[in-house]
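The values are calculated or read from the model by the stated rules, or taken from the named source; none is laboratory data. Just so you know, these numbers come straight off a predicted model, no measurement behind them. Positions of Cβ are backbone-derived with ideal geometry, glycine not excepted, and every protein chain shown enters the neighbour counts. Accessible surface is based on the protein model in full, side chains and every heavy atom, while ligands, DNA and RNA are left aside. Shrake-Rupley method; radii C 1.70, N 1.55, O 1.52, S 1.80 Å.
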Amino acid sequence: MTIVFNKQFYHLQAIKKATEAYKELAVFNIKEKDNNIEIDIDGVDKDVKDVIKDEFCNYVLAETKKFT
Amino acid sequence: MSKPNINKSENKIVISVDPKLYPLESIYGAAYVFLDRAYVFLDGDSKKEVYVHLKGKKKLTDGDMENLADEFLNELLNYSLRYQISKDNRQIREYIVGAALIGALGENIDKSMESDEKDWKKDPLGIAVPWEEKYAKRDGTKKKEPPLKGAVGQKDGKK
């Protein structure tokens, strides 16, 4: 699955922190494209498969707020 | 700001926010408040139109979704006002903190001077001890001293 974060709202450092926190649950691949940061998520743990995307986005938002 | 777009099948609401009316900082603040109740995602253009996606963590009814949207808008207004007040009062806040820090610094200076005075009274270097006493203590016996010219109360009575 892929999540596209808009750079105007999300901080790259926040995304890196979130991937670090979630590294036990999935494999994350970060790509920067123009105005976006794309995150490919693979190898997701079965238990969190349904919620990992949304929970990850919340985590990134919470981390981003710390930078503002 | 247009009416919130409710997507019942996805259990999601999309709220469009004008960043000219509500600064981005207030959008972050309001979004942060809702992190425990909903999944929040931001998108759009930070200068023209910001889309706030709120997806319920639990299954929401139509009424719940409308309430969630309304509560978000209220929180947005709350944070917007807080941000504005914080911005307006920034100078005076900095002045108060600065004055408090300077005051605390002055207090420390006074305390260090007081402790210096106390040290002086203790005479840690032994400056106030007479030369004779100091000298006698070193080898246990009092050495003979040359009589001082014009000294009063000499043993031999000579002047």
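A few points about this structure:
- ³J(HN,Hα), Karplus 6.51/-1.76/1.60, whole Hz, each residue of region B:92-98, x for Gly, Pro: 5, 5, 5, 4, 5, 5, x
- Acute angle (nearest 10 degrees) that the helix A:52-67 long axis makes with the longest principal axis of chain A, alpha-carbon atoms: 30 degrees
- Residue-averaged 222 nm ellipticity for chain A, from DSSP H runs of 4+ at -39500 (n - 2.57), nearest 500: -12500 deg cm²/dmol
- Cα centroid separation - region B:26-81 against region A:8-68, whole Å: 19 Å
- For region B:30-46, a drop of 50 Å² or more in accessible area on going from the chain alone to the assembled protein chains (1.4 Å probe) is found at B:Tyr32, B:Leu35, B:Tyr39, B:Phe41, B:Leu42.
- Of the cross-linked pairs B:Lys12/B:Lys48; A:Lys31/B:Lys59; B:Lys3/B:Lys58; A:Lys46/B:Lys58; A:Lys65/B:Lys57; A:Lys65/B:Lys8, those separated by over 24 Å at the C-alpha level are A:Lys31/B:Lys59; A:Lys65/B:Lys8.
- Buried area at the A:B interface is about 1500 square angstrom, summed over both chains, from accessible surfaces computed with a 1.4 angstrom probe.
- In this structure B:Arg37 has an accessible area near 110 Å², from a 1.4 Å probe over the protein heavy atoms.
- Sites matching trypsin sites (Lys or Arg not before Pro) across region A:23-58 that sit in DSSP coil, with at most 16 neighbouring C-beta atoms within 10 Å: A:Lys23, A:Lys49
- Average accessible area per residue (Å²) across region B:5-88 - probe 1.4 Å, nucleic acids and ligands excluded: 55 Å²
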